[in-house]
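For reference, the structure is listed below as structure tokens.
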Amino acid sequence: MRTDLIFLGNSPKSHRVSISGLSKSLPNMAEGHLRGDQKMKKITDDPEHFETEVKFLITDAGCLREKLISLGAVSGGNIFETNIRFDDKNKILFKNKSLLRLRKDAITTLTFKSRPSAKDNRFKIMRELEVEVSDFFIAGQILESLGFIKEQIYEKWRETLTISSTCFCIDKMPYGDFLEIEGQKEEIIKYSSLLGFDWEKRILLNYLELFDLLKKSLDLPFSDVTFENFKNIRIDFSRYLNKVKAGRI
């Protein structure tokens, strides 16, 4: 495995973070803080590293895809994802509504998400730091060696389409199909309307929070959100939409 990690994100510049630096910064992330040098502070405060999005429950992914293509969207392909959520032994990340995730799709990425101080209840907004790593399994072992614990596995099929700087993710989860729209706030509102979605039915929860609702409602005996676990379970997520939609804001 390389001894350096490449910072990803919307910024055209890449930032390299050493493994030794990562080992110091991750425990601080677990407490909801980044106590790195001034350069790291500038990275975390950079608005380009904030993720702004909404979700919608969808019933016909094929029809939606055709609409997006007609609007000029370009597809980056449909890719299977395996994600592992990590936390420390005290579940500080979960308590702080932060996320430390290792993902394998076409590449392997390590991501840390935390809630920014400024809020806009119309959207789901998270501060996002992400690096590409060369080995999924070794990266997991590094995190465990640093004291983090594998808390949850979740899977999805994702097709990402783009129109300029706006991303549209058609996500097939084990419990339903969804569209995520990520980009500038005005563009999200515009495309939500163009695609025929009811703005009041947008969802601001993440996929693990949606699963947690199902787990409690259906008394599911498992915590991993995998297609194998759901293979004999039929879910009509529209029955739960009133519990998760953001409503009029």
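No lab work stands behind these numbers, since they all come straight from the coordinates. What you are looking at is a predicted structure, and each value in this text was computed from that prediction instead of being measured. Cβ: placed from backbone, ideal geometry, glycine included. Neighbour counts: every protein chain shown.
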Among the aspartates and glutamates, select those whose C-alpha is under 16 Å from the C-alpha of LYS55, and discard any that sit fewer than 8 residues away in the same chain. ASP120, GLU159, ASP171, ASP177, GLU180, GLU182, GLU186, GLU187, ASP198, GLU200, GLU209
Residues listed by number, segment 153-184, amide nitrogen under 17 Å from LEU220 label point at 7 Å toward C-beta: 153-158, 171-179
Sort 148-157, 62-71 by packing, meaning the average of other beta carbons within 10 Å per residue, with the highest value first. 148-157, 62-71
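Just to verify a number: FRET efficiency for LEU194 and PHE50, C-beta to C-beta distance, R0 = 25 Å, to 0.05? Please list the in-between numbers first.
Values: r = 24 Å, r/R0 = 0.95.
According to the calculation, E is roughly 0.60.
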Which of the residue pairs LYS104/LYS243; LYS113/LYS172; LYS185/LYS215; LYS67/LYS231; LYS104/LYS124; LYS124/LYS243 have a Cα-Cα distance greater than 28 Å in the structure shown? LYS104/LYS243; LYS185/LYS215; LYS67/LYS231
Distance from the Cα centre of segment 187-246 to that of segment 79-118, in angstrom? 19 Å
